[in-house]
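Beneath this line is the structure, given in structure tokens, with notes to follow.
All of the numbers you see were taken from the coordinates with simple rules; none came from a lab. Nothing here was measured: the structure is a model prediction, and the numbers come from that model. Positions of Cβ are backbone-derived with ideal geometry, glycine not excepted, and every protein chain shown enters the neighbour counts.
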Amino acid sequence: MKKIIYYALPLILAFVIVSCGGKKTPEEKLVSDLEKIEKEAEKSNDLSGNAKVFNIKSGYIKYKNIAMGMEMSREFWFDDYGALQYEENFMEMMGIKTGGYGLVKDGYRYTWNIDNTSGAKMKFLTSRYTEFEDIAKEDIERYKMKDHGTEVVAGKKCRKVSVDEPVSAMTWTWEGLPIKTVTKMGDKEVLMEAIEVKEGDVPAAKFEVPSNITFTEM
């Protein structure tokens, strides 16, 4: 459940900001509520040791993301079982490219937007790799989780799981990696689906903290 929220949040927030021009909306309130829930839930899941976020050492995933009638491109690289992560999220509207970057390294997550010289830095908290059978019963009941068996997406045999709290969402995961998610926001949906999945080494340069960005710790 925690990974559903973790990977859906950047996409939901990006679409909200672009489509609403910074105005306060019910969708923004939802994002704020989800962020609070995520922070509280992850206090006991600090990945400071050698725990695996994913069960695959390194690779690359290209996604298509659709929400509110708009499409965003997302590319995601990872290494060291998820201790290192880098992503690019972009979309174009009327010829203008918007979006940003995310980097996980040394226990911190860095985020910055395109054409900006400043960004945010915060402690990286997310769930360890866990099979559905090992999820605590209280979590299954709390989030109203259901196991829907397996399904092939992007050539990978994925575990399909749904949750109804705090949002309604369906996720397809392969070895802990999100291959597809469908998250509902009222009568709207946010889709993230892999169109390319590769295992293999990733150049170390992908995970370098940019020297031309000033990060403020949150």
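Could you sort out which of K156/K206; K105/K144; K52/K180 sit more than 23 Å apart by Cα distance in this structure? Intermediate results must be reported in sequence, preceding the final value.
Numbers: K156/K206 25 Å; K105/K144 32 Å; K52/K180 20 Å.
Table pairs above 23 Å Cα-Cα are K156/K206; K105/K144.
Sorted by packing (mean other beta-carbon atoms within 10 Å per residue), highest first, where do 133-142, 102-111 land? Intermediate values should be presented prior to the final figure.
Details: 133-142: 10.8, 102-111: 17.2.
Put in order of decreasing packing, that is 102-111, 133-142.
Put the Cα centre of the stretch 145-159 next to the Cα centre of the stretch 178-213 and the gap is 18 Å. Counting every other Cβ atom within 10 Å of each residue's Cβ, M72, M170 order from fewest to most as M170, M72.
Sorting M185, M94, M218, M70 on the 10 Å Cβ count, fewest up front, what's the list?
Fewest-to-most ranking of M185, M94, M218, M70: M94, M218, M70, M185.
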